[in-house]
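The values are calculated or read from the model by the stated rules, or taken from the named source; none is laboratory data. Owing to the predicted nature of the structure, the values given are computational and were not obtained by experimental measurement. Please note: Cβ atoms are built from the backbone with ideal geometry, for glycine as well, and neighbour counts cover all protein chains shown.
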Amino acid sequence: MIKAKAIFNFLLLFLFVINSNAQTSLPENKANTKNRYLEIPKDFLGKQIQLINRITGYPNKLYHYGSSGMDVDYSVVLRFELESGEYIRVIQEQFQNHTPQNDIIKTSVQKNHFDPTICFIPIVSSTKNYITVDIEFFKNDIQLFSPVSKRSMSKYQLQAIAKEAIHVNGFQLGENNIQISRNLNYTAEKSPEKHYSKNVSVEQLLTFRILPENPMKRRKWDPRVGNFYLENKRYSSDSYYIEKEAFLEVWKMEPVDTAAYFRGIPTRPKKPIVFYFDENVPPKWRKYIKQGVLDWLPVFEKIGFKDAIEVHDKPKDANWDDADPNYNMIRWVSSEIKDAQGNYISDPRTGEILNGTLTWYQNYFSTVNADYFINAAAVDPSARTPILPDSLFGNLMRETMAHEMGHALGLGHNMIASSAYPTDSLRSRNFLEKYSITPSIMDYAAYNFVAQPEDMPLRLLRKIGPYDYWAIEHAYKYVRPSGDHSKMAVTFSNEEINERLQNPYLQYMEQEWPEVVDPTNVTGDLGDDPFLTGKYALKNLKRIMPHIVEWSMLENGDPKILLSRYDALLRQLNSTFKNVIVLLGGQKNRFSNSEFILKTTDTEMTSEAMDFLSSNLFSNMNWLYNSELEEISNKELYKNSLEKIQIYALKMLLNKNRFSRLVAYDVKNNTSNTATLLRTLSNLILKNSGSEEIPLDVQEFFAKRVKELKQKATDNLILNHLLKKELDYILKTVKNKSETNKNQLLKGFYLELSKI
């Protein structure tokens, strides 16, 4: 037995020597696919190591949004420790709990948030500087290391294939990281959509990266400014409570010349933010993407940093892979996803952003092509072509990538921004030259659909605005370092922030999802007056509709672009009506002196909202009919579209939460908005309507929805009473229509509807 073990150890050592020699012959920094053994520097032991889980070969539709280059997780911090000289114990650190260094309860915090062991990696051999492990260990299916979530495993019923379920492609040892390329192979009982195979394989780059040994000082997050943030818990024997500490996710931005910086002289950062194009980005689009990224340069110059951002082509002699998380990449993704994204990896201990990714999904062109046409063709002749000109596409790409770069800098959405500018100012050339269509490029404001033909030429696109300057200043303005590293850096005092927020252009509120209560916190709106904005939007849509075939049909007769633009027109209509509906029972939220101020929609605005919907949604919709389009679509396009739009609106209107807020307002103010709204809808949709203006499916939906709402409102006696009363009125109305209608089929319809 002892002899056999000695022979086995000799063979292992022999193989190790041979493979070590093979490794030295490989080009430096290239992934090692020949060596079975990985030498881990002993410098990795005891260090805090970030686990980066990046998908490099992506199976279509594995996730709702996904692509090659996506990061599955970066919030795990590990520690490697020697275990009896035979294993490396991999421990997951519970770093989210902070305690002052010499606090008496520090041990208690550690013992009550015990670090779990993830795995043991067997050691093959050890030298003074290295520990050698068998790379075959990484064929084990350790859940923490997997790029496939349990949800996806369950959704597609993935099972690891019997042989080579995990294949190690190779590894690379860098100065501060270990990168391991793997393929994970499965069979799928339910194959992802359009994957065309019952087998699913995922290529992954698993990276173990040593986190900065001198961590960046955390910067305090404030809910009044829309920066991304992380949270930790702070335990202290001096405090009665466990405190939450929220800190910003930002790039480390320090001036080369601190003295010059504080004298107001612009200076370069010690480490600028540098992005590279991956090889897949078509050359003709690079200048536009680069412009969008570099549009943030003046924002940093305003706070004292010059040349803070750089964009380069990847050097031809570069020996690093595009997936390497040590490099910030601009990616081109050829997939069906219609989107663009700005993402990053941060140090979860401090929020320091360590890696950024900007992604343009190729199919996003189809969305841009349709959306810009619907928003701007009424005023911009260059949009009146089936496919937009490259120069126009380029400028739209520039605007989009500036928005995504904002995300990569740590800025979240600010959907209230667009409500700060007066609607009619968006028709003013002088105003738009000074500002833009919204105070923030981080808003989802559409293109300038308020502009009318007689106003042109006008700015139609977003640009970086006053809120964006403020959010970057709050996140990146350099603060003199203090001696106490345990305390977070504070850029602005509470009083200074409150003073800034007196300017409505600088205000922020967190995005509401899925239900929007604040009427100013919606996507796709413009201006401060939804009724006037809606009026201008409808005027332009009515200008486009008679020409939609002429301006959108391809020469070969293919209607795909035409139909996609018609769908975009319906989305714009839904958005126009949604922005009015949210006023009903709406509650506008704002910060004032660090507190929320709530303003509820009053009776006058409720009445105006119903007048708008009555005049534009539940009547006068025949402008949407286009005989040429009906013939091309070969179906009842107008009727079906009308049904979809009206039912979509009724789903939003007949919402229990909305009616509960309306009832609360009525009780407080002794008004009757809820009852008036219900009766107005009943008369519009049933009593005074014909089947052409309100299709029968819409009438049926309305009656059944009121009944369903009544059944859900048993916990609100007032609302339940109002709905019961209205349902009685609806049934009486329907019964009357069944008795008086001369059309026998319609008579039968209303007779059946009266039985609900």
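Any chance segment 474-493 includes a residue that's of a type in the set (Asp, Glu), surrounded by fewer than 17 Cβ atoms within 10 Å (Cβ to Cβ), assigned by TED's automatic domain parsing to the domain that holds VAL293 and over 21 Å from ALA649 (Cβ atoms)? I'd like the intermediate steps shown before the answer.
The first filter runs over segment 474-493 and keeps only residues of a type in the set (Asp, Glu), leaving 484.
With the extra rule that they be surrounded by fewer than 17 Cβ atoms within 10 Å (Cβ to Cβ), the set shrinks to 484.
Next, from what is left, pick out any that are assigned by TED's automatic domain parsing to the domain that holds VAL293: 484.
Adding the requirement that they be over 21 Å from ALA649 (Cβ atoms) leaves 484.
Yes, there is a match, as at least one residue in segment 474-493 is of a type in the set (Asp, Glu), surrounded by fewer than 17 Cβ atoms within 10 Å (Cβ to Cβ), assigned by TED's automatic domain parsing to the domain that holds VAL293 and over 21 Å from ALA649 (Cβ atoms).
Checking LYS732, LYS725, LYS668, LYS707 one by one, the residue that is at pLDDT 95 or above, touching a strand residue (DSSP E or B) at 6+ places or on another chain (Cβ under 9 Å), assigned to a helix (DSSP H, G or I) and at negative phi is LYS668 and no other. If you go through segment 735-750 and pick out every residue that is within 17 Å of VAL698 (Cα to Cα) and not in a helix (DSSP H, G or I), you end up with 0. Among the strands (runs of 3 or more DSSP E) confined to segment 78-159, the ones with at least 3 residues that are among the aliphatic types (A, V, I, L, M) are located at 87-92, 117-126. Only one of the numbered conditions (1) over 24 Å from SER75 (Cα atoms); (2) within 27 Å of the chain's Cα centre (by Cα) is not met by ALA188, and that is (2). Yes or no: VAL76 in contact with a helix residue (DSSP H, G or I) (Cβ under 9 Å, 6 or more places away or on another chain) and in the same structural domain as LEU205 (by TED's automatic domain parsing)? Yes: the conditions hold for VAL76. Restricting attention to segment 584-596, does a residue exist that is touching a residue at least 12 places away in the same chain (Cβ under 8 Å), within 25 Å of SER689 (Cβ to Cβ) and either among the basic types (Lys, Arg) or surrounded by 15 or more Cβ atoms within 10 Å (Cβ to Cβ) (or both)? Yes - at least one qualifying residue is present in segment 584-596.
The set of residues from segment 691-719 being in contact (Cβ under 8 Å) with a residue 24 or more places away in the chain and among the hydroxyl-bearing types (Ser, Thr, Tyr) comprises just one member, SER691.
You will find that of TYR505, TYR536, the residue that is in a helix (DSSP H, G or I) and buried (at least 19 other Cβ atoms within 10 Å of the Cβ) is TYR536 and no other.
If you check LYS220 against the conditions, is it touching a strand residue (DSSP E or B) at 6+ places or on another chain (Cβ under 8 Å), modelled with pLDDT of 95 or more, surrounded by fewer than 20 Cβ atoms within 10 Å (Cβ to Cβ) and not aromatic (Phe, Trp, Tyr)? Yes, satisfied.
This table checks each residue for (1) modelled with pLDDT under 95; (2) in the same structural domain as PRO481 (by TED's automatic domain parsing).
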site	(1), (2)
LYS194	yes, no
LYS198	yes, no
PRO215	yes, no
LYS233	yes, no
SER236	yes, no
LYS252	no, no
ILE265	no, yes
ILE273	no, yes
GLU279	yes, yes
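When LYS306, LYS244, LYS252, LYS314 are screened for being closer than 20 Å to ALA489 by Cα and without any contact (Cβ under 8 Å) to a residue 60 or more places away in the chain, only LYS244 passes. Scanning segment 93-122 for residues that are closer than 18 Å to ASP238 by Cα and aliphatic (A, V, I, L, M) gives ILE104, ILE105, VAL109. Of note, SER191 satisfies the criterion of being among the hydroxyl-bearing types (Ser, Thr, Tyr), surrounded by 14 or more Cβ atoms within 10 Å (Cβ to Cβ) and assigned to a loop (DSSP other than H, G, I, E, B).
Can you give me the number of residues within segment 405-463 that are free of Cβ contacts under 8 Å to residues at least 12 places away in the same chain and within 30 Å of ASN355 (Cβ to Cβ)? Number satisfying all stated conditions: 0.
Of everything listed in (1) more than 17 Å from ASP295 (Cβ to Cβ); (2) surrounded by 19 or more Cβ atoms within 10 Å (Cβ to Cβ), the single unmet condition for PRO457 is (2).
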